[in-house]
1. Assess whether residue 159 counts as being open to solvent by less than 10 Å² (accessible area, probe 1.4 Å) and under 9 Å from the mean Cα position of the chain (by Cα).
2. Before we move on, is residue 53 exposed (fewer than 13 other Cβ atoms within 10 Å of the Cβ) and modelled with pLDDT under 95?
3. So, of the residues in region 231-255 that are part of a helix (DSSP H, G or I) and open to solvent by 70 Å² or more (accessible area, probe 1.4 Å), which turns out to be modelled with the lowest pLDDT?
4. Check residue 69 against each of (1) charged (D, E, K, R); (2) assigned to a helix (DSSP H, G or I); (3) in contact with an Asp or Glu (Cβ under 7 Å, 6 or more places away or on another chain); (4) under 22 Å from residue 203 (Cβ atoms) and name the one condition it does not meet.
5. Please tell me if residue 117 is part of a loop (DSSP other than H, G, I, E, B), modelled with pLDDT under 95 and touching a Lys or Arg at 6+ places or on another chain (Cβ under 9 Å).
6. Checking the condition in a helix (DSSP H, G or I), open to solvent by 10 Å² or more (accessible area, probe 1.4 Å), touching a residue at least 24 places away in the same chain (Cβ under 8 Å) and of a type in the set (A, V, I, L, M), which residue from 197, 212 passes?
7. Scan region 116-139 and report the pairs whose first residue is more than 16 Å from residue 167 (Cα to Cα) and whose second residue is open to solvent by 40 Å² or more (accessible area, probe 1.4 Å) and part of a loop (DSSP other than H, G, I, E, B), with Cβ atoms within less than 6 Å and a gap of 6+ or a chain change.
Amino acid sequence: MKTLLWLVLFLIGLAGVALPAVYLHAASKLPQLETEFDLEKQLRNSIEGERMSLRAGTFDRSRSIEYKRPEFARLPKDLVALYIAQLGCPTYFQTPREDGPAWAWRLFSLLTFGSEPPGDGACERLIATRLAMALGIQGNVELTVATHRLHSFLQKDQLIAYDLSALYFDRGIVGVEDAAFKVFRRELDTLQLPELAELALTLPPHSFYQDAVFCRNASLIRQNRDVLLDDLAAYKLVTEERASNARSQPVDCVR
């Protein structure tokens, strides 16, 4: 019994030395990510470069390539509702931000055992990880450290705003505003619920961007759009009346 106790204490002590060393080693490989300013700078450099690659050699100046700091308040509320519903976290804004030991255990559990506890903290982790991947960060340990850093200075609404601003759709098409203009030839803030549901199909975990752009499989787009609208109503994120009215609309590209 005494031998077992000493073994447990030894392993705890070893973990107390090894884990910080692993964390610091992984952190040394990352770009500077201490503040929102650091994140904005990293995204601006990569996204503006990506957008410029599509304009090179052309005279197309119809849209600015500038990356603006994303503002959650500017996102259509229905798009945010669709986004959190499809993440599987319809109560995302009804639960407190996960921090402290619960957040640390989530990251450790996923990195060590390949699974994580349930709860809306899983969506916070997923969004922060996707954002880290958008910065070009690779490797399980490096992604875990970057996820933790991003989560440390971004609130729940900021995580969503930055993720939606950094989603890659196609060459030169980055962020939901670019995608909305490419698919509908209109700005994001002019889209109505049925159109936003179609746009949501171009976001992860779905993959309908090319279909939406080229109006392929319109019947399948409508079928899946209506499933998203059903989910919204079931989660009480929109009224059944609004969902029903949206379902009655044809797919945008066949109007």
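The values are calculated or read from the model by the stated rules, or taken from the named source; none is laboratory data. Everything quoted here is computed from the prediction, not taken from an experiment. Note that each Cβ is placed from the backbone with ideal geometry, even for glycine, and that neighbours are counted across all protein chains shown. Surface areas here come from the heavy atoms of the whole protein model, side chains and all, with no ligands, DNA or RNA. Shrake-Rupley method; radii C 1.70, N 1.55, O 1.52, S 1.80 Å.
1. Judged against the criteria, residue 159 is a match.
2. On the way: exposed (fewer than 13 other Cβ atoms within 10 Å of the Cβ): yes; modelled with pLDDT under 95: yes.
Yes.
3. Among residues in region 231-255 that are part of a helix (DSSP H, G or I) and open to solvent by 70 Å² or more (accessible area, probe 1.4 Å), the one modelled with the lowest pLDDT is 254.
4. Here residue 69 meets the rest and fails (2).
5. Numbers: part of a loop (DSSP other than H, G, I, E, B): yes; modelled with pLDDT under 95: yes; touching a Lys or Arg at 6+ places or on another chain (Cβ under 9 Å): yes.
Yes: the conditions hold for residue 117.
6. It is 212.
7. 120/95; 122/116
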